[in-house]
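Here is the structure we will look at.
Since every read-out is calculated from the coordinates, none of them should be taken as a lab result. As the structure is a computational prediction, the values presented were derived from the model and not from experiment. Ideal geometry is used to build each Cβ from the backbone, glycine not excepted, and the neighbour counts take in all protein chains shown.
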């Protein structure tokens, strides 16, 4: 059986490692289930440097070196595969995850050391690759969901891999292969709620895959039914994602029994006190299940003795509380007071809401399916249930303007929101990456790789897709917004209007409303030739 | 033998925890200060300092 080395690349280097990589932990469990020999080196957790990494590569004769991650792990992945190729020239290097899926051909070009890429979900594709390794075959093009190299240095994309229907057939993640006691449990704290702040032994789980919504800045990378295979004008197969007016979604979720069974197993094994649900949007699943899914998870949570003692006994939470608190993601329009109350009763401490904006005209363009009114409604419902809403905000949307800035500041003041907004960032795989790609590349001297290396978690500015504001303006405006400095923003608005020949009283924007016709639409977005707006 | 590698078998060679990039106290301080940067939290990144002309030479200290 194949001897596999999984490597978790470094991501968010500026922060401590806080999350066991769920996908790698699942693939490691699948590989072990199938009888393979598996080792994991969690470079993101250990951060021990190049000498240790060299030792890892030299520790055995690896048949497969497998790694993956989100796009922002690209820099680390690049350095790891370079070293891997030199030290382990005969190992098969396999790359998967969002970093590869979003731009398969480009990534295989940037990383010539990679032999096979796994496009989309790897639950079936990766074990199929291992079977070929065992059989000493290398016809990767016969495995669905791969991109591999041809003998004449070309690339071949095989047929699209179907999504796994029976999610409950997945084993539990191989948490044992990650440094829980050494790294992850000491970094359990999540500063989103009192219970999160006091968490001492946290793990994260994924109860569902996908989201029914079509947020223009969001990316799902082939696990949400959002990926399409299309033949281009060179007759080459290309992978594409959301495009204006062209969306597809498949949402899948584990049964409540699987979820609570997994949490109970982890609780008994690791003495957990907190679980973070990594799901894109718990509420979209709940709505799809006709409001039965979360209710049943919560019922089983309590029935299995996982309800936190502080809630059961109605006392203030402290470090000695027994049971498991948990957190997740919600949606302004899809939540309701009844479900929130049930979630709190089962131990939910905080829910992350991508409110993004409190400006009606901005909300209309982002595909969120929410409005400022539903944002506010869900905010109060969540607070009333005893759960802390985490009100994420984004600035720098394509049609962000001074009116939106004032509307957001008014809402923050009214709701007591203390926030440093993210910048709207067109990650590869998102609709806005596809729409604005030419302009994004132009901002990086035409070098896409430079952009990918620059990407972080959107707290720092990278490529700008705002029609009205450039990077410098967005940085300054964000700071002034956080300080509720209306005076300076209004002064700058006058300066901005003068520069753009927009009189007082007219909308403070040079954004043109999107149109339905795709060919017309290109005239309304920021292109390399700068047909609209200013920099 | 360290526990840097975790798996379901023993590797042929051990991996020793001999990080060549062991964090010094200076690095640790600068990393922690960077997390809180702003206002009165400012610091000198010592490795970034450009020593050179006569007025800034270490020999003059």
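Here are a few things to note about the model shown:
- Distant alpha-carbon pairs in the range A:216-288 (separation over 20 angstrom), percent: 52
- Shown is the FRET efficiency for residue A:289 and residue A:341, computed with R0 = 22 Å from the Cβ-Cβ distance and rounded to the nearest 0.05: 0.80.
- Here the extension length gained between residue A:228 and residue A:131 equals 32.3 nm, from 0.36 nm per residue of separation less the Cα-Cα distance.
- Legend: mean number of C-beta atoms from other chains within 10 angstrom of residue C-beta atoms, peptide A:31-39, equals 3.
- Helix-derived mean residue ellipticity, 222 nm - over the protein assembly as shown, DSSP H n ≥ 4, -39500 (n - 2.57), to 500: -9500 deg cm²/dmol
- The ranking of A:254, A:61 by Cβ neighbour count inside 10 Å, starting from the fewest, reads A:61, A:254.
- Spin-label model distance (nm) - residue A:444 vs residue A:313, 7 Å beyond Cα toward Cβ: 5.3
- For the range A:188-522, the Kirkwood hydrodynamic radius from C-alpha pairs, put into Stokes-Einstein at 25 °C and a viscosity of 0.890 mPa s, yields a diffusion coefficient of 113 µm² per second.
- With the highest mean first, a sort of the peptides A:495-507, A:46-58, A:390-402, A:323-335 on other beta-carbon atoms found within 10 angstrom per residue produces A:323-335, A:390-402, A:46-58, A:495-507.
- Centre separation in Å (Cα based) which lies between the range A:256-294 and the range A:234-249: 32
- Rounded if a/c under 1.5, otherwise prolate or oblate - the range A:72-127, Cα gyration tensor axes: oblate
- Seen through its C-alpha gyration tensor, with square-root eigenvalues sorted a ≥ b ≥ c, the range A:1-61 comes out oblate because a/c lies at 1.5 or above while a/b is not bigger than b/c.
- The simple Förster model, with R0 at 35 Å and r as the Cβ-Cβ distance, assigns residue A:488 and residue A:371 a FRET efficiency of 0.75.
- Antiparallel content of DSSP bridges confined to the protein assembly as shown, in %, to 5: 30
- In this simple spin-label approximation, residue B:37 and residue A:510 carry label points 7 Å from Cα along the Cα→Cβ vector, and these lie 3.1 nm apart.
- What the Cα atoms of the range A:285-326 give is an Rg and a Dmax of 12.5, 37 Å.
- Segment residue A:14-residue A:278, extension gain: residue separation times 0.36 nm, minus the distance between their alpha carbons: 93.0 nm
- Peptide A:40-47 - average C-beta neighbours from other chains (10 Å radius): 3
- Cα-based Rg and Dmax for the range A:39-78, where Dmax is the largest Cα-Cα distance (Å): 10.7, 29
- The DSSP beta bridges internal to the range A:188-522 are antiparallel in roughly 25% of cases.
- Added length on full extension, which subtracts the Cα-Cα distance from 0.36 nm per residue, residue A:459 to residue A:473: 3.5 nm
- Take each residue of peptide A:48-60, count the partner chain Cβ atoms within 10 Å of its Cβ, and average: the result is 6.
- Relative packing of peptides A:153-164, A:202-213 - highest average C-beta neighbours within 10 Å first: A:202-213, A:153-164
- Modelled label reach - residue A:191, point 7 Å along Cα→Cβ, the range A:303-338 residues with backbone N closer than 13 Å: none
- Computed on the Cα atoms alone, the convex hull of the range A:128-205 gives a volume of 197 cubic angstrom per residue.
- Ranked by how many other beta carbons lie within 10 Å on average, peptides A:98-106, A:136-144 from highest: A:98-106, A:136-144
- P(r) tail for the range A:347-423: Cα pairs beyond 22 Å make up 18% of the total.
- Cα gyration tensor category, rounded, prolate or oblate, for the protein assembly as shown with a/c compared to 1.5: rounded
- For the range A:109-126, backbone nitrogen atoms closer than 11 Å to the point 7 Å from residue A:168 Cα along Cα-to-C-beta are found at no residue.
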